[in-house]
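Since the structure comes first, as structure tokens, the remarks are kept for the end.
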Amino acid sequence: MEPNTVEKPSVTMLGLGAMGTALARTWLAAGHPLTVWNRTPARAAALVPEGARVADTAAQAVAASTLVVVCLLDDTAVDEVLADTDLVGRDLVNLTTSTPAQARARATWARSRGARYLAGGIMAVPPMIGVPEAGGYVFYSGSRALFERHRETLRVPVGTTYVGEDAGFAALHDVALLSAMYGMFAGAAHAFALIRREDIDPAALAPLLADWLVAMIPAIHQTADQLRSGDYTRGVVSTLAMQVAGTPTFLSTAEQQGVSPELLSPYFDLMRRRLAEGGGEEDLTGVIDLLVR
Ligand code: FVH
């Protein structure tokens, strides 16, 4: 068999924190020539045995490859690191967590500096990088042409999901999913608090809770279907009126168990407001309209 002599595209990686290092290692392992730079040089030096070339400055690192991947703490760090670099002709892929507004502003800024721009929102933690079965991925948005050009390289560390030309969409999808995650964690925190003072092993509740949350997942698709159709009664199984009638049971149980209702009450307040507006026969979807100002 002929040896594979096609050289993989070279990559520059700026930022070698926990995430940047994990990303860098996968490109090195896959045979991509990799130039790295990090504010604290020891983190870059640690990758030399794996084949990384270390640049002395961010500007030198940017000059080393057309594809420049940035994974820094925040947008302020991106400003500082890229300030004295020449981005003309570079394909800048920014995986730093940002707000949608920051991502859009950064895209405009990058284009004004002569770069093509792709924004990323990482849906993974470092141990998931380079482990396809872990299910992590990165949301990308901005230049579709740029995404297509580097798709093969970008998918080396973790999966890719392109969500549109608007550079803010990757951040928006990232924050939307993580916000839902925090809602789930809040619900689980309340559940564990309810049993905290009882002779119930949290480890016994955990699988029941996890299975229940998984069983409720189809409701998310039903919500989307109702939002698209504008008919919030479509397919409703448990009406808002019925669910509001049940809320005193939840609040009384919390009180009896000595648990603050502060995580549940705001959601119940919204349910009651929607009921008062006449949404009793609907699903819970009407709450979304109360949130959108
Ligand atoms: N780690 C995680 O679980 C999450 C998963 C989801 C995505 N996030 C985002 O990824 C970005 C980087 O996160 P990280 O885990 O690599 O973060 P750290 O390990 O804290 O490394 C931070 C790097 O940023 C450098 N840095 C910070 N400030 C500056 C600055 N002013 N100038 C230059 N570099 C700066 C820092 O350098 P050093 O401390 O090593 O010198 C690290 O390279 C982030 O947006 C997460 O939200 C990770």
- Task: Quick one: dipole size for the chain, taken about the Cα centre, charges +1 on Lys/Arg Cβ and -1 on Asp/Glu Cβ, in debye to the nearest 20.
- Result: 740 debye
- Between the modelled labels at Leu178 and Ala45 (7 Å from Cα along Cα→Cβ) the distance in nm is 3.2 nm
- FRET efficiency for Arg234 and Leu208, using Cβ-Cβ distance with R0 set to 30 Å, rounded to 0.05: 0.50
- Added length on full extension, which subtracts the Cα-Cα distance from 0.36 nm per residue, Arg196 to Asp74: 40.2 nm
- Message: Between Ile220 and Thr66, what is the label-point separation in nm under the 7 Å Cα-to-beta-carbon projection?
- Response: 3.7 nm
- Note on the structure: Extension length gain for Ala83 and Ser260 (0.36 nm per residue less Cα distance), in nm, is 58.9 nm
- Item | Where only alpha carbons of the chain are counted, the Rg and the Dmax (Å) | 23.9, 73
- What Rg and what Dmax come out for segment 1-54 when only alpha-carbon atoms are used, in angstroms? 11.9, 44
- Query: Over the chain, what is the percentage of antiparallel beta bridges among all DSSP beta bridges, to the nearest 5?
  - Reply: 20 percent
- Query: Mean residue ellipticity at 222 nm from the helices of the chain, using -39,500 (n - 2.57) per DSSP H segment of n ≥ 4 over the full residue count, to the nearest 500 deg cm²/dmol?
  - Reply: -15500 deg cm²/dmol
- Largest first and rounded to whole Å, the semi-axes √(5λ) derived from the alpha carbon gyration tensor of segment 95-235 read 35, 20, 15
- Query: Which angle between 0 and 90 degrees, to the nearest 10, do you get for helix 144-154 versus the longest principal axis of the chain when only C-alpha atoms count?
  - Reply: 80 degrees
- Across the Cα atoms of segment 217-291, what radius of gyration and what greatest pairwise Cα-Cα distance (Dmax) are found, in Å? 13.2, 42
- Message: I need Leu16, Leu47 ordered by Cβ neighbour count within 10 Å, fewest first.
- Response: Leu47, Leu16
- Answer with one residue from Val287, Ser112, Ala241: the one whose Cα lies farthest towards the positive end of the charge dipole of the chain, charges on Cβ with Lys, Arg +1 and Asp, Glu -1. Ser112
- With charges only on Cβ, +1 for K and R and -1 for D and E, what is the dipole size of segment 217-291 about its Cα centre, in debye, rounded to 20? 40 debye
- Task: Tally the DSSP beta bridges in segment 11-172 and give the antiparallel ones as a percent, rounded to 5.
- Result: 20 percent
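Bear in mind these aren't lab numbers, they're just calculated from the coordinates by the rules spelled out. Computed from a predicted structure; not experimentally measured. Glycine also receives a Cβ, built like all others from the backbone with ideal geometry; neighbour counts cover every protein chain displayed.
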